Amino acid sequence: MALDLPLTDIAAMLRDALGRYLTDNPKPDWQGLSQDLGLMGIGIPEASGGTGGGAIERAVVAEALGPALAGSDWLSHSVAASLLARLAPDHALLGDLATGEQRIALALGDDAAVFAQVPGGAKADWLLAVTPAGARLVPASACERRVRAMFDTTETADVTIPAGAGEALAAGGEAHAWASKATLTGRCAECAGLMARMHADTSAYLNQREQFGQPIARFQVLRHRMADMHMALLKAGALTERAVLAEDTPGWDHAVSAAVVETIDAVRYVGENAVQLHGGMGVTQELDLGGQYKRALTIIAAFGARSGHLARHAETVG
């Protein structure tokens, strides 16, 4: 694991259960994550049928689901459900969201009608449409959806919401700001899991492959590259930990921007080196590495321009 967070009892239980489950089910589906593990209730109060928890639990799950390529739809559902619980703690939908019987996707954007590439939007029953103007809960059946197959084999949807559709939950930009930062932090945690797995698999490969009668992991130049990869993922992980622990504090904006910038740099470095050190095998379907690197690249594309995060980091100093 790349993240070293102070685990709550719930988070420790989740990490242990997920580790065991993913060992036996390396490609989990929605039913497994919801029915077998109960992951859809994170962030929803126990009084509403959820399991409670918050930023730490969300990060633990995102990190674990990253290498399994199962984090995209889950994170969208989790952030949307958590936000709904914040805006309407007694909402009747929360119980079904907590069990996974109903799926919700977070649609973030600047336009109240059109949302591009909504993670989880292809199969969601509900959309939580959040803009700087406010938040609305909209049944997916009322929307026009165009499904997109992404580079990493996940699915998103371009969503058009009719004017006035759904239930108004909040006005103003607070919901948008919270959901944006929670999503960015979750994606950084997912990248931490991806980088840790890519590094571990590369280390195992270098110890198995031999040249001149010894594992190539003993070659000094490769040992240095592996050490540099490890340092990169540790730096990104440390800043992600800080962003997770800063949720709902005055320094959250600054911490999130720092984590995103460092994660963008680290993912490229770790992924590129992992693929290169595997040689031609690194991009074949026989190895999980290629899919994991594609997922990591898709995430950093979703982060948006690195320069924007650097500017926000500078603006929020102090």
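Quick notes
- Close pairs from the range 150-176: first in contact (Cβ under 8 Å) with a residue 60 or more places away in the chain and hydrophobic (A, V, I, L, M, F, W, C), partner surrounded by fewer than 20 Cβ atoms within 10 Å (Cβ to Cβ) and assigned to a loop (DSSP other than H, G, I, E, B), Cβ under 9 Å, at least 6 apart: LEU169/ALA88; LEU169/HIS91; ALA170/ALA88
- Close pairs from the range 39-51: first without any contact (Cβ under 8 Å) to a residue 60 or more places away in the chain and acidic (Asp, Glu), partner outside any loop (DSSP other than H, G, I, E, B) and surrounded by fewer than 22 Cβ atoms within 10 Å (Cβ to Cβ), Cβ under 7 Å, at least 6 apart: GLU46/GLY52
- Taking each residue of the range 214-229 that is in contact (Cβ under 8 Å) with a residue 24 or more places away in the chain and outside the structural domain of ALA204 (by TED's automatic domain parsing) and looking for partners that are in a helix (DSSP H, G or I) and among the β-branched types (Val, Ile, Thr) with beta-carbon atoms closer than 8 Å, six or more apart or interchain, yields nothing.
- When the range 36-55 is filtered for residues that are surrounded by 21 or more Cβ atoms within 10 Å (Cβ to Cβ) and assigned to a helix (DSSP H, G or I), the ones remaining, listed by number, are LEU39, MET40, GLY41, SER48, ALA55.
- Lone qualifier among GLY213, GLY193 - being out of contact with any Phe, Trp or Tyr (no Cβ under 8 Å at 6 or more places or on another chain) and modelled with pLDDT of 95 or more: GLY193
- Enumeration of residues in the range 282-299 that are touching a residue at least 40 places away in the same chain (Cβ under 8 Å) and either outside any loop (DSSP other than H, G, I, E, B) or among the small types (Gly, Ala, Ser) (or both): LEU289, GLY291, GLN292, TYR293, LYS294, ARG295, ALA296, LEU297, THR298, ILE299
- Here is the figure for the range 229-269: residues that are in a helix (DSSP H, G or I) and either modelled with pLDDT under 95 or of a type in the set (Val, Ile, Thr) (or both) total 8.
- Long-range neighbours under 6 Å by Cβ, at least six apart or interchain, first residue in the same structural domain as GLU63 (by TED's automatic domain parsing) within the range 234-258, second in a helix (DSSP H, G or I) and at pLDDT below 95: none
- Test set (1) surrounded by fewer than 24 Cβ atoms within 10 Å (Cβ to Cβ); (2) closer than 22 Å to GLY71 by Cβ; (3) more than 19 Å from the chain's Cα centre (by Cα) - LEU206 fails condition number: (2)
- Given (1) surrounded by 23 or more Cβ atoms within 10 Å (Cβ to Cβ); (2) more than 28 Å from THR8 (Cα to Cα), index of the condition VAL317 fails: (1)
- Check on LEU184, at pLDDT 95 or above and either assigned by TED's automatic domain parsing to the domain that holds LEU128 or in a strand (DSSP E or B) (or both): no
The values are calculated or read from the model by the stated rules, or taken from the named source; none is laboratory data. Keep in mind the model is a prediction, meaning the values are calculated, not measured. FYI the Cβ positions are ideal-geometry reconstructions off the backbone, even for glycines, and counts take in every protein chain you see.
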